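The values are calculated or read from the model by the stated rules, or taken from the named source; none is laboratory data. Please read these numbers as outputs of a predicted model, since none were measured by experiment. Positions of Cβ are backbone-derived with ideal geometry, glycine not excepted, and every protein chain shown enters the neighbour counts.
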Amino acid sequence: MGDGFGPCFFAGVPDSFFGRLFQRNSLNFVYSSCGVMWLSQVPEGLEDNKGSICMVGKSPPSVVKAYYRQFQMDFSLFLKCRSEELVAGGRMVLNIYSRKSEDPSSKECSYIWDLLSVALNEMVVEGIIEEEKSDSFNIPLYTPSPLEVESIVEKEGSFTIDLLDVSQFNWNAYDDEVHQSEAFKDGGYNVAKSLRAVAEPMLVSHFGEAIIDEVFSRLGEIVNRKSEEKTEIVIVTASMTRKG
């Protein structure tokens with residue numbers, strides 16, 4: 001690690017971070033990248049979110065509240081567990097998929113997932129997927145605003161936030177003025193491939209393997225049809241110090 005540094009040990013452990021992973025006061029630094037926005041379970045009370053697999057603009061208030069309530073509980077537990085593992089003064093940095101808007105069902109946090117809903121709904125209309133099966137599938141994901149992250153950290157009380165920063169970039173790496181031809185040609189494929197890496201295990205578990213290639217082929221076509229719409233990802237970076 002260079003002069004002036006003591007021994008440094010790195011560990012990545014296989015288990016749920018919604019519980020303790022390490023011994024008390026055993027860590028100096030914790031880093032989590034794009035994991036905290038995943039929920040420990042699909043929230044209860046999503047029966048009225050038919051036709052969608054996540055929060056969208058048409059989702060009823062009860063669905064929005066259910067998602068936020070689950071995120072608040074899960075994130076608070078995450079903070080509590082990490083505070084027990086960190087030494088006093090230990091640092092933690094989180095990168096979290098986020099949104100700029102304070103509206104939790106805004107387009108910026110659900111756009112790509114909503115297009116996946118469109119692909120599934122097309123297959124329902126064509127009789128490839130049962131409607132009841134599609135309606136019972138929901139993504140356990142909540143993209144918080146920077147203000148929500150700050151509020152929950154302060155309420156939980158174990159950490160002091162040193163930095164809260166927001167950055168954004170396009171889903172499609174070619175989606176700029178210099179690479180417009182590549183974006184039009186490969187944009188849908190690139191986005192579908194990226195989302196497949198994340199969503200395939202959940203889809204296979206719920207629908208089985210037989211439909212997977214068809215789902216993401218359709219998703220790529222849908223993204224290409226909407227190629228003029230920019231699809232941005234928002235990331236909030238939170239750097240914090242454990243109190244005590």
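Out of the range 8-57, which residues are under 21 Å from Leu116 (Cβ atoms) and not in a loop (DSSP other than H, G, I, E, B)? Can you show your working first?
Narrowing the range 8-57 to residues under 21 Å from Leu116 (Cβ atoms): 34-35, 37-39, 41-43, 46-57.
Answer for the range 8-57, where residues must be under 21 Å from Leu116 (Cβ atoms) and not in a loop (DSSP other than H, G, I, E, B): just Trp38.
For the range 207-242, what are the residues that are modelled with pLDDT of 95 or more, over 19 Å from the mean Cα position of the chain (by Cα) and not hydrophobic (A, V, I, L, M, F, W, C)?
Gly208, Glu209, Asp213, Glu214, Ser217, Arg218, Thr241, Arg242
Of all residues in the range 56-93, which are under 24 Å from Asn121 (Cβ atoms), hydrophobic (A, V, I, L, M, F, W, C) and out of contact with any Pro (no Cβ under 6 Å at 6 or more places or on another chain)?
If the condition is that a residue be under 24 Å from Asn121 (Cβ atoms), hydrophobic (A, V, I, L, M, F, W, C) and out of contact with any Pro (no Cβ under 6 Å at 6 or more places or on another chain), then Val56, Val63 are the ones that fit.
Only residues that are hydrophobic (A, V, I, L, M, F, W, C), closer than 27 Å to Lys243 by Cα and either surrounded by fewer than 17 Cβ atoms within 10 Å (Cβ to Cβ) or touching a His at 6+ places or on another chain (Cβ under 8 Å) (or both): list them for the range 82-130, please.
Start the filter on the range 82-130 by keeping residues that are hydrophobic (A, V, I, L, M, F, W, C), which leaves 86-88, 92-94, 96, 109, 112-113, 115-116, 118-120, 123-125, 128-129.
Subsequent filtering for residues that are closer than 27 Å to Lys243 by Cα retains 86-88, 92-94, 96.
Result: Val87, Ala88, Val93.
On the basis of being within 22 Å of Ile139 (Cα to Cα), part of a helix (DSSP H, G or I) and either among the basic types (Lys, Arg) or modelled with pLDDT of 95 or more (or both), does Ala199 make the cut?
Numbers: within 22 Å of Ile139 (Cα to Cα): yes; part of a helix (DSSP H, G or I): yes; either among the basic types (Lys, Arg) or modelled with pLDDT of 95 or more (or both): yes.
Yes.
Quickly run through the range 140-171 and pick out the residues that are of a type in the set (A, V, I, L, M, F, W, C) and either in contact with a helix residue (DSSP H, G or I) (Cβ under 6 Å, 6 or more places away or on another chain) or in a strand (DSSP E or B) (or both).
Residues of the range 140-171 of a type in the set (A, V, I, L, M, F, W, C): 141, 147, 149, 152-153, 159, 161, 163-164, 166, 169, 171.
Within the range 140-171, Leu141, Ile152, Phe159, Ile161, Leu163, Leu164, Val166, Phe169, Trp171 qualify.
If I filter the range 81-112 down to residues being touching a strand residue (DSSP E or B) at 6+ places or on another chain (Cβ under 7 Å) and modelled with pLDDT under 95, which single residue comes out as nearest to Arg218 (Cα to Cα)?
Restricting attention to the range 81-112, the residues satisfying the condition of being touching a strand residue (DSSP E or B) at 6+ places or on another chain (Cβ under 7 Å) are 82-83, 85-100, 108.
From the residues that got through so far, the ones that are modelled with pLDDT under 95 too are 97-100, 108.
Values: Tyr97: 25, Ser98: 26, Arg99: 26, Lys100: 29, Glu108: 21 Å.
Only one residue fits best here, namely Glu108.
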